[in-house]
Amino acid sequence: MKTQVAIIGGGPSGLLLSQLLYTRGIDSVVLERKTKDYVLSRIRAGVLERGLVDLLREAGVADRMEREGFIHDGTLISYGDQMFRVDFAEHTGHSVMVYGQTEVTRDLYEAREAAGGKIDFNVEDVEIHGAESGAPYVTYRVDGQARRLNCDFIAGCDGFHGVSRQAIPLDVRCEYEKLYPFGWLGVLSRTSPVNPELIYANSPRGFALCSMRNDNLSRYYIQCSLSDKPEDWTDEAFWQELKRRIPADQAAKLVTGPSIEKSIAPLRSFVTEPMRWGRLFLCGDAAHIVPPTGAKGLNTAASDVHYLFNGLRQFYEKGDAAGIDSYSEKALARVWKAERFSWWFSSLMHRYPDQSEFDLRIQVAELEYLRSSSAAQKAMAENYVGLPY
Ligand code: RFL
Ligand code: PHB
């Protein structure tokens, strides 16, 4: 089989890249290790920056998001008995869109299928060959049968545990990592959200986040120990703990109900450099991970897709390799800013096991500064809505 761009991974990065290339008549094949149902059962991000919203429009997959998504002009931040709002619209003139990653992925699958896009599911033993040559190819197996996909370029969109990053030799690859000493326990429930806007809460018992998917679907998170298992937490215990971490007036109106999904995610900051090796380009979680505070994971994946799509377009439409040659540099410049923001917001909102009294007072001072300074709020809002591409 032959295609122009072989895309490894059928998560949001791979599907969005494939759909954008299709709009410009550039052919691609997506190779996904899991089934479509499995990919769609993963509950992940919920907040889309304007850059991603614009990309979904450009890809022709924004109709349902425009109808069903919620535009948020600000967010609430609580600590102790204080709560304040950061107004994105006032500080930046922009907003964010609340629309789940699951729905984005579903819309992308539908669009790819409607266009007759080629996606191979349940692929095994994916291997990248000749990335440094002029004729790269990917080998893999489906239903026990060996296949070979010849291509011009390979996009490694296979997430943090994928094979693409590992294909870059260790003497070329530099990895930077920071692990956080806690995780997030997330619960999805068919209840109305406690508040129309998100609430990020710093409490003495640890961080909590009140988020949502729609009027009758709420997403809540609490900071938990890395040794906790989702089954250690009954629904009742989760709701009790959440109520103790958010402001009392919010806790009083929290509607609880059975969880329909419960999972724990560790928190990690990770970047690999470079994001390009010969004809292999890394995109999204394959190249970088952020802690979820600030919702930058999916959005940073989207900015990579933007740079790569435009580089490939320039190459195929004009025969000009400048965009793909500068891909790694451009993508990484934005990635590191998202890494900084996610690290800063995580540090501000969580309780750390080894935090001293000094550290705690610095955290409160920073929260008070953010509450009272228009300049600080503007900086936070500018990063939250997403830095320009
Ligand atoms: P994905 O979504 O991980 O998709 C990669 C796809 O590649 C497939 N794959 C392979 N396919 C073929 N061959 C192989 N060898 C393969 N290895 C893997 C996988 O099955 C998968 O379908 O990466 P992508 O597309 O770059 O998208 C990135 C986003 O998914 C990610 O940044 C966010 O979801 C991160 N993230 C969150 N971000 C937020 O902004 N807000 C959140 O609340 C949030 N929660 C989360 C998250 C990530 C999590 N992970 C990765 C464990 C919660 C979790 C649990
Ligand atoms: C979510 O709704 O899942 C969500 C929202 C904001 C975040 C992280 C996760 O910062």
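Scan the stretch 337-366 residue by residue and report those that are over 22 Å from G297 (Cα atoms) and crowded, with 20+ Cβ neighbours inside 10 Å.
If the condition is that a residue be over 22 Å from G297 (Cα atoms) and crowded, with 20+ Cβ neighbours inside 10 Å, then no residue fits.
What do you reckon, is S303 within 16 Å of ligand 2 (Cβ to nearest atom) and in contact (Cβ under 8 Å) with a residue 24 or more places away in the chain? Before you say what the answer is, go through the steps one by one.
Working: within 16 Å of ligand 2 (Cβ to nearest atom): no; in contact (Cβ under 8 Å) with a residue 24 or more places away in the chain: yes.
So S303 fails the test.
In the stretch 111-126, what residues are in contact (Cβ under 8 Å) with a residue 24 or more places away in the chain and either more than 15 Å from ligand 1 (Cβ to nearest atom) or in contact with a helix residue (DSSP H, G or I) (Cβ under 8 Å, 6 or more places away or on another chain) (or both)?
A111, R112, A115, G117, I119, F121
Would you be able to say whether some residue in the stretch 24-38 is closer than 24 Å to P291 by Cβ, touching a Phe, Trp or Tyr at 6+ places or on another chain (Cβ under 9 Å) and crowded, with 19+ Cβ neighbours inside 10 Å?
no
Just a yes or no: is a residue in the stretch 53-66 touching a Pro at 6+ places or on another chain (Cβ under 7 Å) and either assigned to a loop (DSSP other than H, G, I, E, B) or touching a residue at least 12 places away in the same chain (Cβ under 8 Å) (or both)? Before the answer, list the steps.
Restricting attention to the stretch 53-66, the residues satisfying the condition of being touching a Pro at 6+ places or on another chain (Cβ under 7 Å) are none.
Taking every residue of the stretch 53-66 in turn, none turns out to be touching a Pro at 6+ places or on another chain (Cβ under 7 Å) and either assigned to a loop (DSSP other than H, G, I, E, B) or touching a residue at least 12 places away in the same chain (Cβ under 8 Å) (or both).
Given the conditions (1) assigned by TED's automatic domain parsing to the domain that holds L16; (2) in contact (Cβ under 8 Å) with a residue 12 or more places away in the chain; (3) closer than 18 Å to V385 by Cβ, report the number of the one that R106 does not fulfil.
Only one criterion is unmet by R106, namely (3).
Could you tell me which of the residues A201, A155 is within 30 Å of L254 (Cα to Cα) and either within 16 Å of ligand 2 (Cβ to nearest atom) or surrounded by 14 or more Cβ atoms within 10 Å (Cβ to Cβ) (or both)?
Details: A155 fails: within 30 Å of L254 (Cα to Cα).
Checking each option against the conditions leaves just A201.
For the stretch 1-36, give me each residue that is outside any loop (DSSP other than H, G, I, E, B) and within 16 Å of ligand 2 (Cβ to nearest atom).
P12
Within the stretch 274-295, work out how many residues are closer than 18 Å to I264 by Cα and not in a helix (DSSP H, G or I).
7
Here are the criteria: (1) more than 15 Å from L188 (Cα to Cα); (2) of a type in the set (S, T, Y); (3) part of a strand (DSSP E or B). Tell me which single one S263 does not satisfy.
Here S263 clears every test but (1).
Among I71, I77, which is the only one that is within 22 Å of D215 (Cα to Cα) and free of Cβ contacts under 8 Å to residues at least 40 places away in the same chain?
I71 is the lone residue from the list that is within 22 Å of D215 (Cα to Cα) and free of Cβ contacts under 8 Å to residues at least 40 places away in the same chain.
Quickly run through the stretch 179-196 and pick out the residues that are within 30 Å of E368 (Cα to Cα) and within 16 Å of ligand 1 (Cβ to nearest atom).
Matches in the stretch 179-196: L179, Y180, F182, G183, W184, L185, G186, V187, P193.
Considering only the stretch 1-60, state which residues are closer than 12 Å to G117 by Cα and of a type in the set (S, T, Y).
Within the stretch 1-60, T3, S18, Y22, T23, S28 meet the criteria.
Kindly indicate which of G80, G51, G11 is on the phi > 0 side of the Ramachandran plot and either not hydroxyl-bearing (S, T, Y) or not assigned by TED's automatic domain parsing to the domain that holds S372 (or both).
On inspection, the qualifying residue turns out to be G80.
Kindly evaluate R147 against the criterion of being surrounded by fewer than 18 Cβ atoms within 10 Å (Cβ to Cβ), outside the structural domain of L370 (by TED's automatic domain parsing) and modelled with pLDDT of 95 or more.
Criteria met by R147.
One line per residue, one yes/no per condition, for (1) under 30 Å from R205 (Cα atoms); (2) of a type outside the set (G, A, S):
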site	(1), (2)
M65	no, yes
I71	no, yes
F84	yes, yes
A89	no, no
T92	no, yes
S133	no, no
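How many residues are within 12 Å of ligand 2 (Cβ to nearest atom), part of a helix (DSSP H, G or I) and among the aliphatic types (A, V, I, L, M) when one looks only at the stretch 88-107?
Final tally of qualifying residues: 0.
The values are calculated or read from the model by the stated rules, or taken from the named source; none is laboratory data. Nothing here was measured: the structure is a model prediction, and the numbers come from that model. Every residue, glycine among them, receives a Cβ derived from its backbone with ideal geometry; neighbour counts consider all protein chains shown.
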